[in-house]
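Please read the structure below before turning to the comments.
Rule-based calculations on the coordinates, nothing more; no lab input. Predicted model, so just to flag it, every value in this text is computed and none were measured. All Cβ positions, even for glycine, are placed from backbone atoms using ideal geometry, and neighbour counts span all protein chains on display.
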Amino acid sequence: MSSSSDWEMPLAVQPKPEHYDYDLEEALTALVGLRAIVPSDAFTAETLGTERAGNGVLIRDGVVLTIGYLITEAQTIWLHPADGHPVPAHVLAYDQETGFGLVQALARLDLPTLPIGRSRDAKIGDPVVVAGAGGRKHSVVARIAAKQEFAGNWEYVLDEAIFTTPAHPFWGGTAMIGGDGALLGIGSLQVQQVRESGTAEPLNMIVPIDILKPILEDLLTLGRPNHPPRPWLGLNATEIDDKIVVARVSSGGPARRANLRTGDVVVAVAGTKVSDLAGFFRKVWSLGKAGVQVPLTIYRDGRTIEARVASGDRNRFLKGPSLH
């Protein structure tokens, strides 16, 4: 997830300027390293840690786009441009639905910005550069291996995530750059895909840039999208043999207050059976905005019980950006 200056990608997978129609070196200069310090009593400190490091990309004057989990509840942020002079920054916004985060530099970043492209036009098989801070030696020549739905166990769904190979080893906040030199997405995760041979191949999951466009101005001006937040249960769930199993219940969250437990099997939401993670989360979100009662049918210890979770707004559990 982090970026470090004491490693280099193998020369064979580093991008070479002569292979691109755009100015590769200038595009890579738009990447910065990002380090965040989070208070130990923050809601996400236990799961995401109190010191987080990764990458970000300058998308307009002083504004850096990154993956949101790096900066959630951050108290202190430093940006590290290619010239090595750290610049302080603060959190502008973190959007729970997309996973994007925005940071405002508090001193001048004399760097080029990366233009925003159209991720919907990217096709499976297209060559891309997955770029981290520090230029070519921290970047990977990759290709798009898949574009498909992604459900994260933390109540998160992307209709069409982008998956790239080979994987970047320090993926958090990397920039996926298309053939025209424009930004197509931001690196979020490393996942494993099992090949036909049975061996596991690591892929990067990239959040597509197109889903930023409708909310970007809201994030810049309000610190959040200008619509009611989704209902949040405060749990992590996993899919096992077409069953939705509660893997973790957040301390102090709505699910904990409703006495949900690790190991509970979610059979139905508001009377509708659910058998996959994306379907489960989408059914919860379809019931209304944060605060709505979420009726769940739970299978526990050999019997079926009914539970009602008074959903919450996830952001209310977090230490918010100090200026919003």
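Data overview
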quantity: Charge context of Gly172, other residues only, Cβ under 12 angstrom, K/R +1, D/E -1; calculated: +2
quantity: Extension reserve of the Ala45-Asp21 stretch, reckoned as 0.36 nm per residue once the Cα distance is removed; calculated: 4.4 nm
quantity: Value of D in µm² per second that Stokes-Einstein yields for segment 8-93, Kirkwood Rh from Cα pairs, at 4 °C (1.567 mPa s); calculated: 90
quantity: Backbone HN-Hα couplings from phi across segment 87-102 [Karplus 6.51/-1.76/1.60, Hz, Gly and Pro as x]; calculated: 10, x, 8, 9, 6, 8, 6, 9, 9, 5, 6, 8, x, 6, x, 10
quantity: Proximal lysines relative to Lys319, as straight alpha-carbon distance under 26 Å, when same-chain residues fewer than 8 apart are discounted; calculated: Lys213, Lys289
quantity: For Gln190, distant residues with modelled amide H under 5 Å away; calculated: Met205
quantity: Residue-span extension gain [Glu306 to Asp121] - 0.36 nm each, minus C-alpha spacing; calculated: 62.1 nm
quantity: Segment 119-210, relative contact order in percent, only Cα pairs under 8 angstrom and at least six apart counted; calculated: 27
quantity: Selected from Asp264, Asp242, Asp210 as most flexible by GNM, with the chain as the system and alpha-carbon contacts under 10 Å; calculated: Asp242
quantity: The chain: angle of helix 277-286 to the longest principal axis, Cα-based, in degrees nearest 10; calculated: 70
quantity: Label-point separation in nm, Ala200 to Arg248, each point 7 Å along Cα→Cβ; calculated: 1.7
quantity: Label-point separation in nm, Glu8 to Ala82, each point 7 Å along Cα→Cβ; calculated: 1.6
quantity: Most mobile listed residue (Ala42, Ala12, Ala175) in the chain, GNM with C-alpha springs under 10 Å; calculated: Ala12
quantity: Theoretical gain in end-to-end length, Val292 to Asp241 [0.36 nm per residue, Cα-Cα removed]; calculated: 15.4 nm
quantity: Distance (nanometres) between label positions extended 7 Å along Cα→Cβ at Asp218 and Gln193; calculated: 3.1
quantity: Overall Cα dimensions of segment 235-317 - principal axes, largest extent first, Å; calculated: 33, 24, 20
quantity: Whole-Hz couplings from phi, Karplus 6.51/-1.76/1.60, listed for segment 188-198; x for Gly and Pro; calculated: 10, 9, 10, 10, 9, 10, 8, 6, 4, 6, x
quantity: Amide proton proximity set for Thr174, modelled H, under 5 Å, gap of 5+; calculated: Asn55, Gly187
quantity: Proximal lysines to Lys243, defined as alpha-carbon separation beneath 17 angstrom and excluding residues fewer than eight positions away on the same chain; calculated: Lys273, Lys283
quantity: Relative contact order %, segment 1-140, counting alpha carbon pairs below 8 Å whose residues are six or more apart; calculated: 31
quantity: Sequence-separation-based contact order of the chain, relative, with Cα cut under 8 Å and 6+ spacing, percent; calculated: 16
quantity: Principal semi-axes in Å for segment 119-210 [√(5λ), Cα gyration tensor, largest first]; calculated: 19, 16, 13
quantity: Overall dimensions of the chain by Cα: Rg and Dmax, Å; calculated: 20.2, 65
